[in-house]
Amino acid sequence: MRILFAAFIPVLASSFTAPIAFTSNSIASNNNVATSSRSSIFGVNSKSAPAQVVLRAAEGDAEFEKKKVIVLGGDGFCGWPTCLHLSDAGHDIVMVDNLSRRNIDTELGCNSLTPIQPPEVRVQAWKEVSGKDIKFVNLDVAKEYDLLVQLLKEEKPDAVVHFAEQRAAPYSMKNSKAKRYTIDNNVSGSNNLCCAVLDADLDTHIVHLGTMGVYGYGTSGGEIPEGYIDVILPGGREANILHPAYPGSVYHATKCLDALLWQFYQKNDSLRVTDLHQGIVWGTNTPQTIKDERLINRFDYDGDYGTVLNRFLMQGAMGVPLTVYGTGGQTRAFIHITDTAKCIEIAINN
């Protein structure tokens with residue numbers, strides 16, 4: 001079974017052309033993955049396709065299969081809304097985080113614009129508004145390997161969603177300390193996860209959130225195909241290889257290394273892995289986080305973790321000049337946090 005690579009980019013800025021989100025054109029036919037249409041940059045429209053194939057217990061789908069899912073990095077910007085979305089859909093969720101993102105806030109001397117609550121308060125609030133439990137485990141995936149193996153043996157998850165990585169490209173280039181931390185945390189965490197699944201003797205499906213940045217920006221020269229590509233090597237030799245990587249930061253380099261790890265462990269140990277390469281995630285609230293102010297997601301607007309839309313919104317509201325990187329002529333792909341969670345659910349269900 002081949003490792004599944006999929007790119008999902010529901011929202012596109014300017015005239016940038018890219019593959020339709022989450023297609024199955026170059027994937028084995030037994031992977032029933034949906035095709036997504038594009039949505040408005042100001043919100044998610046009614047044609048946002050991931051929702052149409054998601055099986056949800058709340059809707060009474062006879063085919064719905066409840067799964068045990070561990071979400072690594074479940075306290076973060078992408079992880080927390082995904083925990084809520086999957087729990088709301090009827091899955092049994094274990095949220096794992098070492099709270100490193102909150103510690104980086106302290107290091108940088110900044111905070112989320114939105115007041116985010118401690119994880120214990122978050123999961124209690126979700127219990128009150130939904131009646132559903134999310135278990136929180138404070139664990140460092142990159143450093144506490146034995147505890148990770150023990151957790152997998154105890155919970156026996158059907159799937160593990162892997163968000164537990166330092167996610168900011170600017171931060172990863174800040175200084176030698178940040179570069180080393182990003183490599184140590186991201187690459188060790190991914191390798192530990194693969195080893196832990198094997199040592200726990202489980203057939204757990206790993207769903208990893210990667211980035212379109214592994215291909216570089218503005219250097220591909222055309223549409224980026226999903227996953228593997230057919231090439232002719234010197235001497236006329238035909239080969240099927242991963243799309244060439246062109247990272248622009250230490251963070252993006254770790255995502256390239258992740259892809260090689262997934263490829264190796266699938267080939268060598270038959271691990272089941274889905275690696276999702278996304279555009280820039282934007283937005284704050286989801287249908288679940290708006291149910292209670294204690295559930296609100298984080299909104300970063302600083303120079304390290306604040307992505308372009310967040311920074312432009314804040315600067316525009318304050319009447320200060322927009323911080324433009326480079327020439328300002330770049331185009332980027334965007335995906336709303338709600339669609340990120342939907343895509344994760346599709347991968348888990350398939």
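Tabulated data for the structure shown
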quantity: Label-point gap, in nm, between residue 150 and residue 240 - each point 7 angstrom along Cα→Cβ; calculated: 4.2 nm
quantity: Reach of residue 267 by Cα under 24 Å, taken over lysines that are not fewer than 8 positions away in the same chain; calculated: 153, 156, 255
quantity: Cα-only radius of gyration and Dmax that characterise the stretch 262-350, units Å; calculated: 17.5, 55
quantity: Order by protection proxy (mean Cβ within 10 Å, highest first), peptides 133-140, 182-189, 95-102, 239-246; calculated: 95-102, 182-189, 133-140, 239-246
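None of the figures in this text is laboratory data; all of them are computed from the coordinates on show. Since the model is a prediction, treat every value here as computed from it, not as a measurement. Here Cβ is always computed from backbone atoms with ideal geometry, including for glycine, and neighbour counts include all displayed protein chains.
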